[in-house]
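Written below as structure tokens is the structure these notes are about.
The values are calculated or read from the model by the stated rules, or taken from the named source; none is laboratory data. Predicted, not measured: the structure shown is a model, and the values here were computed from it. Backbone-built Cβ (ideal geometry, glycine too); neighbour counts: all protein chains shown. Just the protein is used for accessible areas: all its heavy atoms, side chains included, with ligands, DNA and RNA removed. Shrake-Rupley method; radii C 1.70, N 1.55, O 1.52, S 1.80 Å.
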Amino acid sequence: MKIDRHDQAKILSPDELSRLFSAGLKTARDRALFGVCLYTGTRIAEACSLHTKDVYAIDGSIRPRVTIRKGTTKGKIETRSVPVNQQLRALLEDYSSSKVYLFPGRHGRGHIHSDSADKILRAAFLELGIEGASTHSFRRTCLTQMHRAGVPLKVIQKISGHKTLSALQKYLEVLDEDLESAISTLKF
């Protein structure tokens with residue numbers, strides 16, 4: 001029986017993210033790949049299999065939204081479209097691909113495999129001393145940060161592609177300060 005541990009991937013702190021994107025990820029491709037995961041809440045396999053046309057227009061400009069095609073999603077149920085924020089735009093401006101796939105595999109054939117992306121990330125985590133994190137940490141960090149910012153769960157669900165709110169809620173970390181804040185709002 002397969003055990004789903006995605007809800008256990010570490011939520012990355014702002015300091016860890018800063019160190020990762022400034023020193024741990026060595027190439028523009030790697031920063032763009034994991035930036036897509038972080039700023040769109042995509043799974044690593046979804047990011048790895050993006051086509052260049054899903055992100056860049058024919059003139060080379062960055063589209064306002066990243067398109068995650070249903071054929072590459074976990075449930076293969078529906079295509080989703082996620083707005084590109086300024087941080088992701090900057091990472092994508094530093095990177096470009098003229099291949100069919102946004103993140104081509106070895107020798108330009110196919111796309112980078114998610115296992116290869118995982119190896120790149122694990123090396124960066126090891127170098128920086130970040131423990132308990134994985135490729136899925138970007139998805140959990142994205143969804144949790146949106147939740148903490150007060151984004152409605154239905155909106156987060158639309159971005160993440162979760163079929164149910166209960167599936168989405170497994171991703172959202174609740175901290176002690178969240179509990180304290182919630183209790184402090186009670187007035188009877």
At q = 0.13, 0.17, 0.19 Å⁻¹, base-10 log of I(q)/I(0) for region 99-174 (Debye sum, equal scatterers on each alpha carbon): -0.56, -0.82, -0.90
Sum of side-chain charges, R65 neighbourhood, beta-carbon under 12 Å (Lys, Arg +1; Asp, Glu -1): +2
Residue-level accessible surface for Y101, protein heavy atoms, 1.4 Å, Å²: 60 Å²
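Considering only protein heavy atoms, with the full assembly of protein chains and a 1.4 angstrom probe, order H162, H147, H113 by accessible area, largest first.
Details: H162 20, H147 75, H113 100 Å².
Descending order: H113, H147, H162.
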Within the accessible area of region 77-122 (1.4 Å probe), percent carbon and sulfur: 46 percent
Nearest-10 value in Å² for the accessible area of S49, using the 1.4 Å probe: 10 Å²
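Students sometimes get this wrong: rank H107, H51, H136 by accessible area, probe 1.4 Å, all chains present, largest first. Could you put the intermediate results ahead of the total?
Working: H107 145, H51 40, H136 15 Å².
Solvent-accessible surface, decreasing: H107, H51, H136.
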Per-residue SASA entry for K163, accessible area with 1.4 Å probe, Å² rounded to 10: 150 Å²
Packing rank of 56-65, 20-29, where each peptide gets the mean count of other beta carbons within 10 Å, highest leading: 20-29, 56-65
